[in-house]
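Participant: One structure, pasted below without further comment.
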Amino acid sequence: MKDLRTIILAAGKGTRMKSVFPKVLHKAAGRPLIDYVVGVARSVGSLKICVVLGHEMKTVQEHLGKDIQAVRQTKPLGTADAVKSARPFLKEYKGDVLILCGDTPLLRKKTIQRLVRKHKKQQADCTFLTTVVYNPAGYGRVLRGPDGRPFAIREHNDAAEAERNIREINVGVYCFKSEVLSAALKKISVNTKKKEYYLTDIIEILFEEGKAITTVETEDPEEGFGVNSRVDLAKAEGILRQRILQEHMLNGVTIEDPLTTYIHADVKIGKDTLIRPLTVIEENVRIGSGCVIGPFARLRPGTKIADDVEIGNFTEVSRTKVGAKTLMKHFSFLGDATIGRQANIGAGTVTANYDGRDKNRTQISDGAFIGSDSILVAPVRIGKNAVTGAGCVVTKNTNVPPGQTVLGVPGKILKVINS
């Protein structure tokens, strides 16, 4: 949308994480927290995104790349001050502004879409996201008048006893008309208790000015969950993991034991593939249809598995492309390799890809048979329908011709003597 921009607030130090790394770069289900938020902003059509940073700004900025504008909040003076830091991003801009928090990886695309659509349809000056929780302690309460219209958000520490009994809370997601936002930010006063400028105060300011304020309620209170500690990070990981597994299962993947299966966010799996227990599939892995993976398998980033492949127990595959109908049943490691169609990777096979300085590649062609306990010291090329004998060590820079057999330590081409 040309008339939608997003500001992501990510300037906090994250002291409760007790980490040298910026909080928003900690990973859940294989992706940095802030990547989930950026993804949501892009998915609802926000063409321009500005991230407000503070602690370790350069590190976060390098991760985000040049497509996203970054501004610094010089002092941690609250959420309203953070938004003020992004005012150059809104200069002469007349459209709508979406405001998100960088540590909320559980926001769903459909929820933010619903909020933006309602905001535009009703031509509201401000629309914000709410939810109802059983225990609202610590959250800002949504105050409504007799007509049901919201007139304020009261932070927990500032709320009266009766207000603390309110279970509808502010999630921390807003959509504003940019001109309304810019004008109201100037009127926010410092909170006398916290010595900070609260963005939540803007609702009361807009109400007193007669501005149009609407809300959208999410039925899933977890969506607004913010990660502030390692305990929170583990909770977010668990929720994301269950969402990911459910999506794959609804798309035709069988997962025998979701409790012991870990699949990262950026993974694609074809229909009728079976994922067996205690399997870990990391980011940027692609798996075809009709495969069997696991149990006790680990597929690392950059791995691409074609259709009808079997990757069995106690196996690891990294940065490797595996051709259709290839078998790798057990106790093997493939790293930095390209495996052809209908190859057999015997038990105990290892591609020794690292020489202490560089990662080297192994090529195993269609129909090759790699015998048990073979070690392929990369770079190595095994030709079409070639065979390595059990326990063979194929030394680096070896090129085994198609249809030939290599045996021994070091491996030597078997010479057939014609009688």
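Readers should treat all values here as calculations from the given coordinates under stated rules, not as data from a laboratory. Only a predicted model underlies this, so the values are computations on that prediction, with no experimental measurement involved. Every residue, glycine as well, gets a Cβ built from its backbone with ideal geometry; the counts of neighbours run over all protein chains shown.
Participant: Determine the percent antiparallel among the DSSP beta bridges restricted to the chain, to the nearest 5.
Facilitator: Numbers: 20 of 94 bridges.
Among the beta bridges of the chain, antiparallel pairing accounts for roughly 20 percent.
Participant: Let me ask something else. Enter the angle in degrees (range 0 to 90, nearest 10) between the Cα long axis of helix 33-43 and the first principal axis of the Cα atoms of the chain, meaning the one along which they spread out most.
Facilitator: Roughly 80 degrees between the two axes.
Participant: To continue, here is another question. Quick one, can you get me the convex hull of the C-alpha atoms of segment 230-413 expressed as volume per residue in Å³?
Facilitator: In segment 230-413, the Cα convex hull volume per residue is 95 Å³.
Participant: Continuing with the same structure: With mean projected area of the Cα convex hull in nm² in mind, check [x] 19.7; [y] 24.2; [z] 17.5 and report the label derived from this structure.
Facilitator: Given [x] 19.7; [y] 24.2; [z] 17.5, the calculated one carries the label [y].
Participant: Give me a comma-separated list of calculated 3J(HN,Hα) values for segment 96-102, in order, Karplus coefficients 6.51, -1.76, 1.60 applied at θ = phi - 60°, integers in Hz, x for any Gly or Pro.
Facilitator: Result, rounded to whole Hz: 9, 10, 9, 10, 10, 9, x.
Participant: Highest mean first, what order results for 356-362, 385-391 on Cβ atoms within 10 Å? Write down the numbers at each step before the final one.
Facilitator: On the way: 356-362: 13.3, 385-391: 19.6.
By packing density, highest mean first, the sequence is 385-391, 356-362.
Participant: Pull up the cross-link candidates among the aspartates and glutamates for Lys118, meaning alpha carbon to alpha carbon under 14 Å and not fewer than 8 places away within one chain.
Facilitator: Excluding near neighbours in sequence, the set is Asp96, Glu217.
Participant: Another question about this same structure. Given contacts defined as C-alpha pairs under 8 Å and at least six residues apart, what's the relative contact order of the chain, whole-number percent?
Facilitator: Result for the chain is 9 percent.
Participant: Let me ask something else. Starting from the Cα of Lys195, draw a straight line to each of the aspartates and glutamates and keep only those under 17 Å, dropping any in the same chain fewer than 8 residues away.
Facilitator: Here the aspartates and glutamates satisfying the reach criterion relative to Lys195 are Asp81, Glu155, Asp158.
Participant: Go through segment 123-140 residue by residue and turn each phi into a ³J(HN,Hα) via Karplus (6.51, -1.76, 1.60, θ = phi - 60°); whole Hz please, and just put x for glycine and proline.
Facilitator: 6, 6, 7, 8, 10, 10, 8, 10, 7, 10, 10, 5, 10, x, 4, x, 9, x
Participant: Now for a different question. Check Arg144: other-chain or 5+ apart residues with amide H under 5 Å from its amide H, H built from backbone geometry?
Facilitator: Long-range HN contacts for Arg144: Phe151.
Participant: Pairs Lys66/Lys186; Lys18/Lys48; Lys13/Lys84; Lys120/Lys211; Lys66/Lys321; Lys384/Lys412: which are spaced more than 21 Å apart, C-alpha to C-alpha? Provide the component values of the computation, followed by the final result.
Facilitator: Working: Lys66/Lys186 30 Å; Lys18/Lys48 32 Å; Lys13/Lys84 18 Å; Lys120/Lys211 14 Å; Lys66/Lys321 31 Å; Lys384/Lys412 17 Å.
Pairs exceeding 21 Å: Lys66/Lys186; Lys18/Lys48; Lys66/Lys321.
Participant: When ranked by the protection proxy of mean other Cβ atoms within 10 Å per residue, highest first, what sequence do the peptides 184-196, 233-245 form? Present the calculation step by step, with values, prior to reporting the outcome.
Facilitator: Working: 184-196: 14.1, 233-245: 17.3.
Averaged packing, sorted descending, gives the order 233-245, 184-196.
Participant: Assuming a ≥ b ≥ c are the square roots of the Cα gyration tensor eigenvalues, decide whether segment 4-224 counts as rounded (a/c under 1.5), prolate (otherwise, with a/b larger than b/c) or oblate.
Facilitator: Working: a/c = 1.41, a/b = 1.28, b/c = 1.10.
Rounded, since a/c falls under 1.5.
Participant: Taking the Cβ of Gly335 as the center, what net charge do the other residues with Cβ under 10 Å away carry, scoring Lys and Arg +1 and Asp and Glu -1?
Facilitator: Once all neighbours under 10 Å are counted, the net charge is +2.
Participant: Here is a further query. Sort Thr218, Thr326 so that the residue with the fewest other Cβ atoms within 10 Å of its own Cβ comes first and the one with the most comes last. List each step's numbers first, then the result.
Facilitator: Values: Thr218 21, Thr326 24.
Ranked by crowding around the Cβ, least crowded first: Thr218, Thr326.
Participant: Next question. Percent antiparallel among DSSP beta bridges with both residues in segment 251-365, to the nearest 5?
Facilitator: Values: 1 of 36 bridges.
Close to 5 percent.
Participant: What are the aspartates and glutamates whose alpha-carbon lies under 20 Å from the alpha-carbon of Lys75, with same-chain residues fewer than 8 places away excluded?
Facilitator: Glu56, Asp103, Glu196, Asp201
Participant: Summing -39500 (n - 2.57) over the DSSP H runs of n ≥ 4 in the chain and dividing by its residue number, what mean residue ellipticity at 222 nm do you reach, to the nearest 500 deg cm²/dmol? Let's see the in-between values first.
Facilitator: Numbers: 8 runs with 80 residues, N = 419.
Taken over the chain, the calculation gives -5500 deg cm²/dmol.
Participant: For the Cα atoms of the chain, what angle does the longest principal axis make with the long axis of helix 109-121, in degrees from 0 to 90, nearest 10?
Facilitator: 30 degrees
Participant: Val309's amide H: which non-local residues (gap 5+, or another chain) put their own amide H closer than 5 Å, with H modeled 1.01 Å from N in plane and none for Pro or chain starts?
Facilitator: Answer set, sorted by chain and number: Cys291, Val292, Lys325.
Participant: To the nearest 10 degrees, how steeply does helix 230-250 sit against the main Cα axis of the chain, on a 0 to 90 scale?
Facilitator: For 230-250 against the chain, the angle is about 70 degrees.
Participant: Let me ask you something else. How big is D for segment 31-130, in µm² s⁻¹ as a whole number, if Stokes-Einstein is applied with the Kirkwood radius of its Cα pairs at 4 °C and 1.567 mPa s?
Facilitator: Working: Rh = 14.5 Å.
Roughly 89 µm²/s, to the nearest whole number.
Participant: Read phi for every residue in segment 166-179 and hand back ³J(HN,Hα) as whole Hz from Karplus 6.51 cos²θ - 1.76 cosθ + 1.60, θ = phi - 60°, with x for Gly and Pro.
Facilitator: Running phi through 6.51 cos²θ - 1.76 cosθ + 1.60 with θ = phi - 60° gives 5, 9, 7, 10, 7, 7, x, 10, 9, 10, 10, 5, 4, 5 Hz.
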